[in-house]
Every structure is written in structure tokens, then in C-alpha cells.
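The values are calculated or read from the model by the stated rules, or taken from the named source; none is laboratory data. Small disclaimer: the values here were computed from a predicted structure and weren't measured. Note that each Cβ is placed from the backbone with ideal geometry, even for glycine, and that neighbours are counted across all protein chains shown. Only protein heavy atoms, including side chains, enter the accessible area calculation; ligands, DNA and RNA are left aside. Shrake-Rupley method; radii C 1.70, N 1.55, O 1.52, S 1.80 Å.
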Amino acid sequence: MHPTALTPRQALAELKDQLPDRIVEAGDEIDRLAHDSSRYAPQGQPLAAVLATSTQDVATALAWANRHGVPVSVRGAGTGLAGGAVAYDQGLIISMERCNRIRDLDPVNRLAVVEAGVIPAELDQAAREHGLFFPPDPASVEISTVGGNIATNAGGLRCIAHGVTRDAVAALEVVLADGTILHTGTRTRKNVVGLDLTSLFVGSEGTLGVITAATVRLKPVPLGTPHTFRANFDAIDAAGEAVTDIVNGPAQPEVLELLDAHSVKTIEAFHPSGLTVPKAAVLIGQTVGPDAAAKAEAITQICAAHGATDVVIAQSDSLLEARRLANPALSASGLRVSCDVGVPIGQLANVFEASMRSRPNTGVPFPSSLMPGMAICIRPLKPAILLKNTLRPKRSLLIFHGWPFPWAEPSAANTVLVRLNITSYQSSSTKQPSLPSAPSNRHWIPMRSSPRRAPFRRAQPRVASTRRGDT
């Protein structure tokens, strides 16, 4: 459909008639909705925001935007770090915060139907009243939204045991760019007929449509008392070797996270939790089930065999709460770049050592006093996800701002996700990186990338583009 001859401002009157009391045009509220938690900033002023309360509100807004050629950004809670929810100049913001109802919770079939604005922690709390829990557990679980987590295929601390968000999604309700409402998936465990459209929309970050509701899978709460463990290492390559043995061993943790000394120091400065700053790195994890204590003991023995010091096992979540503070703490200290790369498990020790050794020669436009902080998330990756981080389909060559790591060909069985965060201290010679100005053609969508370089991709012509970012 060709855009109408009306200007977006002139056409807005039509949308206000269709969605009375749901349109915000100016003030602090639209300024808040125009940003997310990334370091990106809008390149102009958005036209208006729609405070959607239903799927039909979203369909009406997208149909209007499609008719008038207005670009669309979609916002959940604004916790995304990739800039996906940053508003377009003269664009329409669709806020999903008010679509926050749990429509159905079926403990017999272990399913829940939730709207996009539901907070994951609140869904998990509702499920636990029936002896179930919601597996996805991103660090922003208390403040992000289910819709945003699905749109970005968010990971989480429990990924090593339960997979990523995609693994918990059974069906979706999606609104396409022209306002068409589409339902994908099924409530049954077996669903092998036809195209798997549900998986296609999960992780699409709003480029294919706006997720308004989802049917998600729940799991029984494990029996017994969870046990958390901590192991400090004097050498980061030793920590990597310990992780390799743990992942390939019989005692499997539900959570396994590694932070380097700089990250721990930054977290403690941001919000003191009593976490001991290691010489090189700390490995934090949790085991669950009737044999949680035995598994924690077996894992800490592996750590000790690799030279770990100050090994602790506890029955509280305080260690995990410290890990959840990594992103806000690093951001407060001057986070510049945060990205995920796929690394074969057998090469973890090498990538840790290489990243440390490469610090003086990274080519990153920051002063030599650059202090990288690494929050290492031990999470299995699927080949389809890994392809986003490789330059060639036959060989994985990960380039992180001048850090090349050529590895053997990866596979789903031996690959994990590593998150690298670069921070730097304030310097008069360092400018804050920002997104380049968007092209004049309104149907361009900024792809998920680092602040150093934001390539642009062409969306479908004559259709209002949408995007979403919330993790």
C-alpha cells in the first residue's frame, strides 16, 4: 500500500479518533518511551506513542502506520541494551506495558497464556503457586517483559539447564505490519505439521511483527533445596578449563556464570554484596534437585582440581543476585560495548587468555587505560543462533573490535555463549559512541549491533517497519 498524501502529523488525527485516550504526543512520558536502557539516543522526535491495552489496539496502530508510511518502534519495559526500542524520528511508538494480563494458567498441561507486557518474575511467581516455574531467567527478570524476552530470544541464568526463551514458547499471537493478527504454534507438545512460524518470530526483534501474547511452557519446581557455589581463580584460563570439565561432567548445574575480577570489583562498588574480589575470575553457579548438595560438591571439587581458591557452597541466592547486577554496574561505570559471541566449549580457556593478552592491541578507539570487564555466561547455543556471530557458514571467525578468534567448526553440542563487555574510564579524548543518523527512507531498520557501527537493513517496501528490543 502506498503512503497517503497526508503528512504524519495530519494523519495522526485519524489514529486519535480510533484510539481515544491511548495517544501520547509530548511530555516526559513520550521522552521515556523513546529510550531504552542502551546507550543509543533517538535521532529525532517521535510523532506519538500508543499506550496499547489489547491486541486490537496494536492492530489498529500498525494498520494506520502502514497506510501512512510511518515507521514504528515497539517498547516493552525498555530494558533492552541493543537499542531496539529507541524511537524513530517522526515515528510511532507502541508501548506494550499495559498489555500485562495472565490470560490463563493451566497447571495440568503446564502452560500459561500471557500478554506481552507481563513481567517474567510475576509469571514465575504465579506459576509457583501451582508447583511450577517459568524457566527463562534473564538478569532483568524483575523488570523486563515476556514479549521483549521473546522478541530478542533472551537467555538467562538458567540457560545451561533449560535453554533460551525459544525453548519455552509453544505458541504466539502476532500482529503483522499491515495490522493482520496471526496465531502460530499449538498447545500440544508435538507440533510437526507445517512451517514452524513460532520459532521464526522468536528472536526476530520486531522485524516480522509485534508479539502481543504468547503461550509458554512451565516446568515443575525441582525438589529439595537449591545450593549455590562460588570458586575464585588466580588464572582466568584455569577457570575456563574448569568450566569445560563441568559442562562435560555428570554433575550438571542449573546456573553457571563466570565474572572476571574487574566485573566483580565494579559490582561491589555499585552495590556491595560481600562478594570477594578474585585475583582473576570467579565462577558462580547453582544446583537443584534432591541431589543438589552432592552435585555442588562434585562441581567445586572440579574447580579445586583446577586451582580454585576460596571455594564456598551455600543455600541462598545472594551469589546469583550479585551476578544480576553485572549489567547495571558496568553501565554505571562507563560501559561502551556489550556483545555476545559463540565459543566452542573446548576453546573457552583460550578465548579468555587471548582476550586478556589482546587488550593493548584491540584497536578500540579508547585510551590505553581501557579496562575490559567480562561477564561470561555459560549458555548452549544452537547452530542457527551461532550463524549470527560467524562470518562464514563453514568456519567460525569471531571478530570483537579487533580481537580475532579463529576456531574449529562449532556445533550445537560444543558451543556456548560468551558475553564480553568493554568499559573505559572518562577521558577528555574519548567521545561517547552514538548511532549514525538514520537514512531519509523511513523503511530502514537499524540492525542489532554495537555502538561503533550500526549498519542498516532495508525492510519490506510500502509496509511500516517495526522493531523491538527488550531483554
| query | Sorted by average packing, counted as other Cβ atoms within 10 angstrom per residue and highest first, what order do 232-241, 216-225, 284-293 take? | reply | 232-241, 284-293, 216-225
| query | How high is the FRET efficiency between Ser273 and Leu200 when r is their beta carbon distance and R₀ equals 41 Å, given to the nearest 0.05? | reply | 0.55
| message | Just to be sure I understand the model, the point goes 7 Å from the Cα along the line to the Cβ. What's the resulting Asp167 to Asn191 distance in nm? | response | 1.8 nm
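Tell me, what does the Kirkwood hydrodynamic radius of the stretch 97-146 come to in angstroms if you use every pair of distinct C-alpha atoms?
Averaging 1/r across every pair of different Cα atoms and inverting gives 10.9 Å.
Which of rounded, prolate or oblate describes the stretch 206-296 when judged by the alpha-carbon gyration tensor and an a/c cut-off of 1.5?
Numbers: a/c = 1.89, a/b = 1.29, b/c = 1.46.
It comes out oblate by the Cα gyration axes.
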| request: Give the Cα extents of the stretch 1-103 along the principal axes, in whole Å, largest first. | output: 37, 36, 26
| query | Quick one: if the Förster radius is 56 Å, what FRET efficiency do Ala293 and Glu25 give, using the C-beta to C-beta distance and rounding to 0.05? | reply | 0.45
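Going by average Cβ density within 10 Å per residue, which order do the peptides 127-138, 309-320 take, highest to lowest? Don't skip to the answer; put the middle values down first.
On the way: 127-138: 19.8, 309-320: 14.2.
Going from most to least packed, we get 127-138, 309-320.
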| task | For the stretch 309-321, take each phi angle, set θ = phi - 60°, evaluate the Karplus expression 6.51 cos²θ - 1.76 cosθ + 1.60, and give the result in whole Hz per residue in order, putting x for glycine and proline. | result | 10, 6, 7, 9, 10, 9, 10, 10, 9, 4, 5, 6, 5
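Which whole-number value in Å² is the accessible area per residue of the stretch 87-190, probe 1.4 Å? Numbers along the way, then the final one.
Details: 3950 Å² over 104 residues.
Result: 38 Å² per residue.
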| said: Which three extents, in angstrom, do the Cα atoms of the stretch 252-305 have along their principal axes, listed largest first? | reply: 36, 23, 14
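Ranked highest first by average number of other Cβ atoms within 10 Å, how do 39-46, 100-107, 82-89, 346-353 line up?
Values: 39-46: 17.5, 100-107: 14.5, 82-89: 25.0, 346-353: 20.6.
Top of the packing list down: 82-89, 346-353, 39-46, 100-107.
Just the ratio, please: alpha-carbon radius of gyration of the stretch 249-352 over 2.2 N^0.38 Å, N its number of residues.
Numbers: Rg = 14.5 Å, N = 104, 2.2 N^0.38 = 12.8 Å.
Expressed relative to 2.2 N^0.38 Å, the Cα Rg reads 1.13.
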| If you take the square roots of the eigenvalues of the alpha-carbon gyration tensor of the stretch 189-238 and sort them as a ≥ b ≥ c, do you get rounded (a/c under 1.5), prolate (a/b over b/c) or oblate? | prolate
| message | Amide H of Thr309 versus every other amide H placed in the peptide plane: which residues, excluding those fewer than 5 positions away on the same chain, fall under 5 Å? | response | Asn232, Phe233, Asp234
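Which shape class applies to the stretch 51-197: rounded if a/c is under 1.5, otherwise prolate when a/b exceeds b/c and oblate if not, where a ≥ b ≥ c are the square roots of the Cα gyration tensor eigenvalues? Write down the numbers at each step before the final one.
Details: a/c = 1.87, a/b = 1.47, b/c = 1.27.
In terms of gyration-tensor shape, prolate.
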| task | Give me the aspartates and glutamates in straight-line cross-link reach of Lys16: C-alpha distance below 12 Å, same-chain residues under 8 apart excluded. | result | Glu25, Asp57
| note | Note, the stretch 67-75: 3J(HN,Hα) by Karplus (6.51, -1.76, 1.60, θ = phi - 60°), whole Hz, Gly/Pro = x, goes 5, 10, x, 9, x, 10, 10, 10, 10
| For Thr180, which sequence-distant residues (separation of 5 or more, or a different chain) have an amide H within less than 5 Å of its own amide H, given hydrogens modelled in the peptide plane? | none
| note | Karplus-derived 3J(HN,Hα) from phi for the stretch 250-255 (6.51 cos²θ - 1.76 cosθ + 1.60, θ = phi - 60°), whole Hz, x at Gly and Pro, runs x, 8, 9, x, 8, 9
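Out of the total accessible area of the stretch 173-313 (probe 1.4 Å, heavy atoms of protein only), what percent is carbon and sulfur? Could you put the intermediate results ahead of the total?
Values: 3450 of 5990 Å².
Carbon plus sulfur share of accessible area: 58 percent.
Expected output is a single nm value to one decimal: the length gained when fully extending between Thr7 and Asp89, i.e. 0.36 nm times separation in residues minus the C-alpha distance. What is it?
Separation in residues times 0.36 nm, less the Cα-Cα distance, equals 28.2 nm.
By how many nm would the segment from Glu321 to Lys219 grow when fully extended, if each residue of separation counts as 0.36 nm and the alpha-carbon distance is taken off? Kindly include the intermediate steps, with their values, before the conclusion.
Working: separation 102, 0.36 × 102 = 36.72 nm, distance 2.21 nm.
So the chain would gain 34.5 nm between Glu321 and Lys219.
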| Other-chain or far-sequence residues with amide H under 5 Å of Arg103's (modelled H) | Val113, Val114, Glu115
| field | Alpha-carbon spread of the stretch 161-263, three principal axes, descending order, Å | value | 56, 34, 23
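With the contact rule set at Cα under 8 Å and sequence spacing of 6 or more, what percent relative contact order holds for the stretch 1-146?
This gives 22 percent for the stretch 1-146.
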